[in-house]
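A quick write-up on the structure given underneath.
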Amino acid sequence: VQLQASGGGLVQAGGSLRLSCAASGIPTNILFMGWYRQAPGKQREMVASATIGGTTNYADSAKGRFTISRDNSKNTVNLQMNSLKPEDTGIYYCRSWSAIHNYWGQGTQVTVSS
């Protein structure tokens, strides 16, 4: 049972990154899949989520710049991040959850330089 996140890295402000997360050993019909971010010295916060039906939700800081996409058949979730800012720096975790499930990936580091 795991969520394998990838795609992080170092990018200059204004650049783009695409994060990917693949679930294995986890049911494919879990209600929510999404991405969280933990910046240095801060609490983990939700960046974007997508329901199994395709409804998406974004943190205010991500609206207009990030796009989440979910493939239910492959049990994957991606996060396209454009116009990145230094304040987007942090460890990004994918999560799959519902009222009775709660799975976290291991995190991938995103660093945006100014």
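The values are calculated or read from the model by the stated rules, or taken from the named source; none is laboratory data. Computed from a predicted structure; not experimentally measured. Because the Cβ atoms are built from the backbone with ideal geometry, glycine has one as well, and the counts that use them run over all protein chains shown. Protein only, heavy atoms only, side chains kept; ligands, DNA and RNA dropped before computing areas. Shrake-Rupley method; radii C 1.70, N 1.55, O 1.52, S 1.80 Å.
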At a Cα cut-off below 16 Å, give the lysines reachable from Lys85, other chains included and same-chain residues fewer than 8 away excluded.
Lys63
So what is the accessible area of region 41-114 per residue, in Å², with the probe set to 1.4 Å?
52
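Rounded to the nearest 5, what % of the DSSP beta bridges within the chain are antiparallel ones? Walk me through the numbers on the way to the answer.
On the way: 39 of 43 bridges.
So the antiparallel bridges in the chain amount to around 90 percent.
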Give me the one-decimal nm value for the distance between modelled label points at Gln38 and Lys74, 7 Å along each residue's Cα-to-Cβ direction.
2.7
With a 1.4 Å probe and every protein chain kept in, tell me what percent of the accessible surface of the chain is carbon plus sulfur.
49
Euclidean distance of C-alpha centroids, region 1-48 and region 67-89, integer Å:
7
Quick one: if the Förster radius is 41 Å, what FRET efficiency do Ala99 and Gln12 give, using the C-beta to C-beta distance and rounding to 0.05?
0.50
So for each of 10-16, 105-111 I average, over its residues, the number of other beta carbons within 10 Å; can you give me the resulting order with the highest mean first?
105-111, 10-16
